[in-house]
Amino acid sequence: MVETQDAFYIIVSHENINSAIEEAVELGVRALQRSNAIPWEDAYMLGSLIMDVEISQLVDPRKTVRVRIPKEYASITNILEAIKMQ
């Protein structure tokens, strides 16, 4: 995980880029769900509006992606809890 002035980034690596994206998005949605005390489906819809999925690298054997979550939608505590639950 990385924190910037205005956002949190969840970083995930896998052998397969699709698996990395799926896990990163799932963690982001779980963090939104916990931070906003909303059902999974609502957190998923919110995530589709506010989260950005970015490719970090495709060259190494493990492909890496990051999901950007603006700070106004999630807390560091809830993001860490979501990652811990993985």
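The values are calculated or read from the model by the stated rules, or taken from the named source; none is laboratory data. What you are looking at is a predicted structure, and each value in this text was computed from that prediction instead of being measured. Here the Cβ positions follow ideal geometry from the backbone for every residue, glycine too, while neighbour counts run over all protein chains shown.
Numerical summary
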read-out	value
Selected residue (criterion: modelled with the lowest pLDDT) from residues of the stretch 35-53 that are among the small types (Gly, Ala, Ser) and within 14 Å of the chain's Cα centre (by Cα)	Ser35
Selection within the stretch 27-86 - assigned to a helix (DSSP H, G or I) and among the polar types (S, T, N, Q)	Gln33, Ser35, Asn36, Ser48, Thr77, Asn78
Selected residue (criterion: nearest to Glu72 (Cα to Cα)) from residues of the stretch 1-53 that are β-branched (Val, Ile, Thr) and in contact with a helix residue (DSSP H, G or I) (Cβ under 8 Å, 6 or more places away or on another chain)	Ile50
Identity of the residue in the stretch 1-26, of a type in the set (D, E, K, R) and assigned to a helix (DSSP H, G or I), that ends up farthest from Ala82 (Cα to Cα)	Glu22
Any hit, the stretch 61-73, residues being at pLDDT below 95, more than 13 Å from Tyr9 (Cα to Cα) and not charged (D, E, K, R)	yes
Arg62 more than 16 Å from Ala7 (Cβ to Cβ), basic (Lys, Arg) and either touching a residue at least 12 places away in the same chain (Cβ under 8 Å) or surrounded by 14 or more Cβ atoms within 10 Å (Cβ to Cβ) (or both)	yes
Out of Ala37, Ala43, sole residue that is buried (at least 19 other Cβ atoms within 10 Å of the Cβ), without any contact (Cβ under 8 Å) to a residue 40 or more places away in the chain and more than 11 Å from Ile10 (Cβ to Cβ)	Ala43
Filter pass, Val53 being buried (at least 19 other Cβ atoms within 10 Å of the Cβ) and without any contact (Cβ under 8 Å) to a residue 60 or more places away in the chain	no
